[in-house]
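Okay, structure first, notes after.
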Amino acid sequence: MIKSAIEHMRAIQMQSLAAEVGYTPLGGEAQTIRAVVGRTVFRATDVDGIWTHIETRDFIVPKELLASEPQVGDEIEFVGHTYEVLSPAGEPCWRWSDAFHTAYRIHAKHTGG
């Protein structure tokens, strides 16, 4: 029942909140997909004990829209800007957006445009 509710809410989210983005896998072909845009703040301590914080632009993408898992170096075009998928502060470059693994939450940084 919960999985069904999450899938239903994901469909509503994609219809009402998602934007078109260009997604280019590393060494692959560009495609236009829909993604919900968000952000995540990562906090880490360096070797000297200094706190840093990294804010990423996140793109929530239904699993079925991508042929393979996101990887560092993939590029996302959003409103004329280029974002590169990255692993912030030693974290993975993406996480599941929910407990039932229906969508990727992809972390990226602005690199141009």
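The values are calculated or read from the model by the stated rules, or taken from the named source; none is laboratory data. These figures come from a predicted structure and were not determined experimentally. Note that we place each Cβ from the backbone using ideal geometry, even for glycine, and neighbour counts take in every protein chain shown. What goes into the accessible areas is simple: the full protein's heavy atoms, side chains included, and nothing from ligands, DNA or RNA. Shrake-Rupley method; radii C 1.70, N 1.55, O 1.52, S 1.80 Å.
Quick notes
- Residue list for segment 14-33, filter: in a helix (DSSP H, G or I) and under 15 Å from the mean Cα position of the chain (by Cα): MET14
- Tallying residues that are hydrophobic (A, V, I, L, M, F, W, C) and over 26 Å from GLU75 (Cβ atoms) within segment 1-28 yields 7.
- Where a residue in segment 57-86 is touching a residue at least 60 places away in the same chain (Cβ under 8 Å) and closer than 22 Å to GLN13 by Cβ and its partner, wherever it lies, is assigned to a strand (DSSP E or B) and of a type in the set (Gly, Ala, Ser), with Cβ under 8 Å and at least six apart: VAL79/ALA19
- Of the residues making up segment 82-105, those that are in a strand (DSSP E or B) and touching a strand residue (DSSP E or B) at 6+ places or on another chain (Cβ under 6 Å) are THR82, TYR83, GLU84, VAL85, TRP94, ARG95, ALA103, TYR104, ARG105.
- Considered as a group, the residues in segment 4-52 that are touching a helix residue (DSSP H, G or I) at 6+ places or on another chain (Cβ under 9 Å) and loosely packed, with under 13 Cβ neighbours inside 10 Å include one that is farthest from LEU65 (Cα to Cα), and that residue is THR52.
- Counting residues in segment 22-35 that are closer than 22 Å to ALA5 by Cα and out of contact with any Phe, Trp or Tyr (no Cβ under 7 Å at 6 or more places or on another chain) gives one or more.
- Here TYR104 does not qualify as out of contact with any Leu (no Cβ under 8 Å at 6 or more places or on another chain), modelled with pLDDT of 90 or more and surrounded by 14 or more Cβ atoms within 10 Å (Cβ to Cβ).
Each row is one residue, and each column tells you yes or no for (1) modelled with pLDDT under 95; (2) open to solvent by less than 20 Å² (accessible area, probe 1.4 Å); (3) of a type outside the set (A, V, I, L, M); (4) within 17 Å of THR24 (Cβ to Cβ).
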residue	(1), (2), (3), (4)
THR56	yes, yes, yes, no
PHE59	no, yes, yes, yes
GLY80	yes, no, yes, yes
SER87	yes, no, yes, no
